[in-house]
Amino acid sequence: MKTLYDKSVEGRTAFSFAFEGDTERALAAVPAYARSEVKRLPEVSELELVRHFTNLAQQTYCVDTGFYPLGSCTMKYNPKVNEVLAGDTRLTQRHPLDAPEDNQGVLQMCYELKELLADITGMDDFTLQPACGAHGELAGMLIIHAYMRDHDPRRTRVLIPDSAHGTNPASAAMAGFETVTVPSDERGGVDLAALDRLMDDTVAAIMLTNPNTVGLFEENIVAIAELVHARGGLLYYDGANLNALMGLIRPGDLGFDVLHLNLHKTFATPHGGGGPGAAPVGVKQFLASYLPVPVVVRRGNEYALEDDRPGSIGRMSAFHGNIGVLAKAYAYIKSMGCDGLAAASRAAIVHANYVKARLSAAYPPAYDRPVMHETVLSAKPYDKYGVTLLDIAKRLMDYGFHPPTIYFPHFPPFAEEVMMVEPTESESRETIDAFCDALIRIADEAREHPELLTSAPHGTVVTRVDSTRAARVVITSHRDRKES
Ligand SMILES: *Cc1c(COP(=O)(O)O)cnc(C)c1O
């Protein structure tokens, strides 16, 4: 595959204008912010430039071109109507510094989104400011920190299960807490006896994900909530993956006091694309005075920004958060309706269990119990043929599929060589079957022709790459690239 530099021919340009004088003089009139000294740039024609980038774009794998079973990320296809509505110029042309009286539509949307999310989660109030899951966790932890400072300053520690997403301990530590790990039991849930030992009057909260990071529902959640509350702690819910619960169960009803939701997973913005996200944080009423300011409120028929919350942890972002992502979530929830959201969760759960059932002979599940929206499967049986999970994932690309999540840092220690597959509700039975067929065929190949896997992928533009070289050999200029 040639780079633009490879295609460069001295003297070629991507424009030609009929200048009055000569080109040199015309270019001299280019404004002062243009670079004074131009390092060597590729010299190509406009058509070559267009073809280069169009061809590159067409090699990009995305959810619009194929199945994206990346566990923990909910890379589901979302209806385009949400994009269209969020892209409406009546929204995109608003300025965040518009006076609230001139910005009633945006504020009304924010207020109604808070109400919808409160309804879906069983919480009382929300902030829409945080820009991603980890940012939402930080906001939630700061709220708990402020609350404990006012009510019980001895509580300086936060309990976190060993299966938790890595952002959980990081957020708790950033908010000023000491973190303590709670082990999992053999069924993949929180070890209740260990929790009982650890839960003392130095503990401010426990951070939990449910379904947890390996796709299992925490069966003892009510007992956990009772134990933690009885000993004066609070419950934080990492709601990054609400795709198995929306419309079915409300975290607020399970006993959680604070939560964040990743709108850029479950609510119509895909995760992992590197684009903007939004992680609203919801709280029960007794914590509402700590929410970041300004809070969007309704006064009669008017919507306003309330700054006057003396206990507030302060701003979490500029302006109102990522409005485009909030608008997509609003459009999605309104267009799905309550029954639609529940149907989506049910389909996500059925699809994950279907994948588990179809693949469990070839790839033994890490836990032998029903899963929620994703399933963890092992490639350990292919060890003896010299085939790793990485080889299987690479080979899957030859069959036209994006690999699932592999070697997730939070997989339990006993679960070696495991992948996490999240099929999502949007995929058809045919697509899921084709994916399972491919993985089963790859398992046969592992036994019969392991070399096909260890050198895969073969049919992609870029074949097997050295995964660590990019971090070790840093290229800062075109010349380095030629020499390396
Ligand atoms: C994705 C995820 C997060 C982090 O969300 P970001 O938006 O990537 O910061 C936190 N917890 C869980 C369980 C997740 O799946």
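Taken together, the values in this text are just the output of simple stated rules run on the coordinates, not laboratory data. As the structure is a prediction and not an experimental result, all values here were calculated from the model. Glycine also receives a Cβ, built like all others from the backbone with ideal geometry; neighbour counts cover every protein chain displayed.
In the chain, a dipole from Cβ-located charges (positive for Lys and Arg, negative for Asp and Glu) runs towards its positive end, and of Gly239, Gln59, Ala205 it is Gln59 whose Cα lies farthest in that direction.
Distance between the modelled labels on Thr460 and Arg149, one decimal in nanometres: 4.7 nm (7 Å Cα→Cβ projection).
With unit charges on the beta carbons (Lys and Arg positive, Asp and Glu negative) and the dipole taken about the Cα centre of the chain, which residue among Ile144, Ala172, Asn301 sits farthest to the positive side? Sorting the options by dipole projection puts first Ala172.
Remark: the chain carries a charge dipole of roughly 780 debye about the Cα centre, counting +1 on each Lys and Arg Cβ and -1 on each Asp and Glu Cβ. For Glu306, the residues whose modelled amide H falls within less than 5 Å of its own, excluding neighbours fewer than 5 places apart on the same chain, are Val295, Val296, Val297. Taking 18 Å as the limit for the C-alpha separation, the pairs Lys114/Lys334; Lys76/Lys328; Lys356/Lys394; Lys76/Lys394 exceed it in the case of Lys356/Lys394; Lys76/Lys394. Name the shape class, rounded, prolate or oblate, that the alpha-carbon gyration tensor gives for the stretch 134-279, where a ≥ b ≥ c are the square roots of its eigenvalues, rounded holds for a/c under 1.5, and otherwise prolate holds if a/b is larger than b/c and oblate otherwise. Oblate. Just to be sure I understand the model, the point goes 7 Å from the Cα along the line to the Cβ. What's the resulting Arg447 to Lys384 distance in nm? Output for this residue pair reads 1.1 nm. Over the residues of the chain, the helix contribution to mean residue ellipticity at 222 nm works out to -11500 deg cm²/dmol, using -39500 (n - 2.57) for each DSSP H run of at least 4. Longest segment of the chain with no GluC sites (Glu not before Pro) in a DSSP loop having at most 11 other Cβ atoms within 10 Å? Answer - 187-484. Placing +1 on the Cβ of every Lys and Arg and -1 on the Cβ of every Asp and Glu, with nothing else charged, gives the stretch 179-294 a dipole about its Cα centre of roughly 440 debye. Between the C-alpha center of the stretch 293-353 and that of the stretch 377-407 there is a gap of 38 Å. Charging the Cβ of each Asp and Glu at -1 and of each Lys and Arg at +1, and nothing else, the dipole of the stretch 308-382 about its Cα centre rounds to 80 debye. Projecting the Cα atoms of Pro457, Tyr407, Ile475 onto the dipole axis of the stretch 374-478, where Lys and Arg carry +1 and Asp and Glu carry -1 at the beta carbon, places Ile475 farthest toward the positive end. Report the label-to-label distance for Glu302 and Thr13 in nanometres (one decimal), using points 7 Å from each Cα along the Cα→Cβ vector. My value for the distance between the label points is 5.8 nm. Cα centroids of the stretch 79-125 and the stretch 143-220: how far apart, whole angstrom? The distance from the Cα centre of the stretch 79-125 to that of the stretch 143-220 comes to 33 Å.
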